[in-house]
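A.B. asks: Quick one: the structure is below, questions incoming.
Bear in mind that the values in this text are calculations on the coordinates, not laboratory data. Computed from a predicted model, the values in this text were never measured in an experiment. Don't worry about glycine lacking a Cβ; one is built from the backbone with ideal geometry, like all the others, and counts go over all protein chains shown.
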Amino acid sequence: MRNYKIGIIKGDGIGPEIVEEAIKVLDAVASKEGFNLEYNEYLLGGAAVDVFDNPCPDETIKGSLNSDAVLFGAIGGPKWESLPKEKRPESGLLKLRKSLGLFANIRPAIIFDELVNASSLKPEVIKGVDLTVVRELTGGIYFGEPRYKDDNKAYNTMIYTRDEIARIAKIAFEEAMKRKKKVTSVDKANVLEVSELWREVVEEVAKNYPEVELEHMYVDNAAMQLVRDPKQFDVILTGNIFGDILSDEASMIVGSIGLLPSASIGGKVGLFEPIHGSAPDIAGQGIANPIATILSAAMMLDFLNETSAAERIRNAIKEVLKEGYRTKDIAAFDAKEVVTTSEMGSLIADHAAN
Ligand code: NAI
Ligand code: MG
């Protein structure tokens with residue numbers, strides 16, 4: 001039997017509630033599809049600070065590296081906000097991503113027909129949107145040296161090397177091969193030398209993927225096109241800072257933050273997590289939407305090449321939404337019945353097992 005070691009990091013706030021539901025769904029598809037998932041739980045963020053006085057203990061890094069994939073909830077909360085920066089939950093997550101060598105962040109914006117009214121854009125603009133942002137995560141201006149600030153002057157440095165561009169481009173083209181075979185590479189090549197190199201290297205990588213259509217777009221235009229006509233996109237490939245901004249913009253096409261998954265890949269082990277945070281304002285109330293985490297678990301199964309199980313999960317979510325079940329955050333959109341976090345998880349697990 002196929003066996004996978006899954007690192008489980010529940011985190012803080014609603015993290016434990018939503019990860020529990022994803023595990024429920026994973027168990028349902030594993031038994032149906034005939035593979036085994038072996039879970040090992042690790043602490044990160046505030047939960048780790050409380051026990052180890054360290055937001056990213058060595059055991060969490062070692063355990064994650066020793067897993068086939070890691071499913072993660074969310075970290076952070078007011079309880080730990082006043083701690084020095086290196087002890088804060090957010091530092092723990094950055095350290096974990098870095099230790100796992102995760103240089104690519106993949107964020108699909110998935111529209112559910114049942115929830116087209118949840119978006120602030122018109123239903124006819126967003127219906128049928130199926131795009132994903134591939135963002136470079138460990139380079140660019142956020143990490144470039146030198147960086148400096150005094151009272152009168154401050155600067156940061158945007159650097160990308162040929163190798164860094166090539167490896168993220170390759171991931172974008174691989175994604176496109178599994179999708180609609182189109183890559184839109186987003187840069188600012190009319191102004192930035194870094195973007196000139198970016199274009200050159202992306203063109204080179206594209207030669208290995210003759211089936212994939214490549215277009216280049218300036219970032220300012222891309223920001224506009226995303227809200228004007230998001231259906232034109234398949235894979236958006238971009239660097240760290242542009243990707244940070246565009247992926248948040250793209251996520252809002254969908255409407256509710258509780259619906260959006262992400263994958264961080266590039267190392268041996270992938271990290272799969274919802275895009276939202278730990279939502280301390282609703283933690284412990286049983287109203288958090290577990291769908292973003294359950295979709296992250298589906299992305300994890302794709303990563304493990306269990307694509308039929310992943311599809312099973314996505315179909316189960318669609319069916320449950322079609323039947324009119326909604327968590328509180330999406331209750332305004334054609335709800336037949338408003339359900340708790342755990343009820344939503346069970347409904348999806350039941351459908352996925354059928
Ligand atoms: P947030 O994403 O936790 O919450 C924003 C709003 O969305 C809140 O009103 C929340 O109740 C709602 N929300 C989020 N997820 C939801 C879900 N699954 N179902 C229903 N409603 C949901 O962002 P916020 O409030 O800015 O940050 C809270 C904490 O989370 C902070 O400590 C922040 O640093 C941390 N954070 C952690 C992230 C991570 O672990 N990757 C990412 C973003 C923030
Ligand atoms: Mg951001």
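A.B. asks: At 7 Å along the Cα-to-beta-carbon direction for both Tyr39 and Val51, put a label point, then send me their distance in nm to one decimal.
C.D. replies: Label-label distance for Tyr39 and Val51, simple model: 1.4 nm.
A.B. asks: Something else about it: In the range 309-354, which GluC sites (Glu not before Pro) fall in coil by DSSP and have 16 or fewer other Cβ atoms within 10 Å?
C.D. replies: Working: sites: Glu311, Glu319, Glu323, Glu337, Glu343; in loops: Glu323.
Loop-located and lightly packed - Glu323.
A.B. asks: Output wanted: per-residue J couplings in Hz (rounded whole) for the range 243-248, from phi through Karplus 6.51 cos²θ - 1.76 cosθ + 1.60, θ = phi - 60°, x for Gly and Pro.
C.D. replies: Listing the rounded values in order: x, 4, 6, 5, 6, 5 Hz.
A.B. asks: Residue by residue through the range 24-33, which ³J(HN,Hα) values in whole Hz follow from phi under the Karplus form 6.51 cos²θ - 1.76 cosθ + 1.60 (θ = phi - 60°), with glycine and proline marked x?
C.D. replies: 3, 5, 4, 4, 5, 6, 4, 5, 5, 9
A.B. asks: State to the nearest 20 debye the size of the charge dipole of the range 120-254 about its Cα centre, where the only charges are +1 on K and R beta carbons and -1 on D and E beta carbons. Provide the component values of the computation, followed by the final result.
C.D. replies: Working: 19 positive and 25 negative charges, 78 e Å.
Around 380 debye, computed over the range 120-254.
A.B. asks: Additional query: By counting other Cβ atoms within 10 Å of each Cβ, how are Phe35, Phe103 ranked from fewest to most?
C.D. replies: Numbers: Phe35 16, Phe103 21.
So the ranking, lowest neighbour count to highest, is Phe35, Phe103.
A.B. asks: If I model a spin label at Glu211 and Met177 as a point 7 Å from the Cα along the Cα→Cβ vector, what separation in nanometres do I get?
C.D. replies: 0.8 nm
A.B. asks: I would also like to ask the following. Out of Asp302, Asp234, Asp58, any idea which swings most in a Gaussian network model of the chain, alpha carbons joined below 10 Å?
C.D. replies: Maximum fluctuation in the GNM of the chain, among the listed residues, is at Asp58.
A.B. asks: When the chain is fully extended, how far beyond the present Cα-Cα distance does Glu90 get from Thr307, taking 0.36 nm per residue of separation? The partial results should precede the final answer.
C.D. replies: Values: separation 217, 0.36 × 217 = 78.12 nm, distance 3.14 nm.
Taking Glu90 through Thr307 to full extension adds about 75.0 nm, to one decimal.
A.B. asks: Here is a follow-up. Return the loop-located GluC sites (Glu not before Pro) in the range 160-239 (DSSP other than H, G, I, E, B) with at most 16 other Cβ atoms within 10 Å of their own Cβ; answer none if there are none.
C.D. replies: Hits after loop and neighbour filter: Glu211.
A.B. asks: Name the most mobile residue of Leu304, Leu260, Leu131, meaning the one with the largest mean-square fluctuation, in a Gaussian network model of the chain with Cα contacts below 10 Å.
C.D. replies: Largest GNM mean-square fluctuation: Leu304.
A.B. asks: Arrange the following residues from fewest to most other Cβ atoms within 10 Å of their Cβ: Lys182, Lys207.
C.D. replies: Numbers: Lys182 16, Lys207 8.
Going from least to most buried by this count: Lys207, Lys182.
A.B. asks: Can you give the convex hull volume per residue for the Cα atoms of the chain, as a whole number of Å³? Mind dumping the intermediate values first?
C.D. replies: Values: hull volume 51.7 nm³, N = 354.
Per-residue hull volume (Cα only) is 146 Å³.
A.B. asks: Still on this structure: Per residue of the chain, what 222 nm ellipticity follows from adding -39500 (n - 2.57) for every DSSP H run with n ≥ 4, rounded to the nearest 500? Please report the intermediate quantities before stating the final value.
C.D. replies: Values: 12 runs with 146 residues, N = 354.
Rounded to the nearest 500, it is -13000 deg cm²/dmol.
A.B. asks: Put +1 on the Cβ of each Lys and Arg and -1 on the Cβ of each Asp and Glu in the range 120-254; which of Ala154, Ile141, Ile236 then has its Cα farthest toward the positive end of the dipole?
C.D. replies: So the residue furthest toward the plus end is Ile236.
A.B. asks: Given axes a ≥ b ≥ c from the Cα gyration tensor, I'd like to know whether the range 120-254 is rounded (a/c under 1.5), prolate (a/b larger than b/c) or oblate.
C.D. replies: On the way: a/c = 2.33, a/b = 1.32, b/c = 1.77.
It comes out oblate by the Cα gyration axes.
A.B. asks: Just how far, in whole angstrom, is the range 207-257 from the range 264-342 if you go by their alpha carbon centroids?
C.D. replies: Spelled out, the Cα-based centre of one part sits 23 Å from the other.
A.B. asks: List, in order, the whole-Hz ³J(HN,Hα) value for each residue of the range 48-60 obtained from phi through the Karplus relation with A = 6.51, B = -1.76, C = 1.60 and θ = phi - 60°; use x for Gly and Pro.
C.D. replies: The phi angles translate into 7, 4, 4, 8, 10, 6, 8, x, 9, x, 3, 4, 5 Hz.
A.B. asks: Please get the size of the charge dipole for the chain, origin at its Cα centre, with Cβ charges of +1 on Lys and Arg and -1 on Asp and Glu, quoted in debye to the nearest 20.
C.D. replies: That gives a dipole near 260 debye.
A.B. asks: Going by how many other beta carbons lie within 10 Å of each one, how would you line up Tyr39, Tyr209, fewest first? Could the numbers behind the result be given before it?
C.D. replies: Numbers: Tyr39 14, Tyr209 18.
Going from least to most buried by this count: Tyr39, Tyr209.
A.B. asks: Which one of Ile14, Ala30, Ala206 is farthest out on the positive end of the charge dipole of the chain, using unit charges on Cβ (Lys, Arg +1; Asp, Glu -1) and the Cα centre as origin?
C.D. replies: So the residue furthest toward the plus end is Ala206.
A.B. asks: Here's something else I'd like to know. So for the range 95-166, Kirkwood radius off the Cα pairs, Stokes-Einstein at 4 °C and 1.567 mPa s: how many µm² s⁻¹? It would help to have the intermediate numbers written out before the result.
C.D. replies: On the way: Rh = 15.7 Å.
Approximately 82 µm²/s, per Stokes-Einstein.
A.B. asks: What share of the DSSP beta bridges in the chain is antiparallel, in percent to the nearest 5?
C.D. replies: Numbers: 16 of 47 bridges.
Bridges in the chain are about 35 percent antiparallel.
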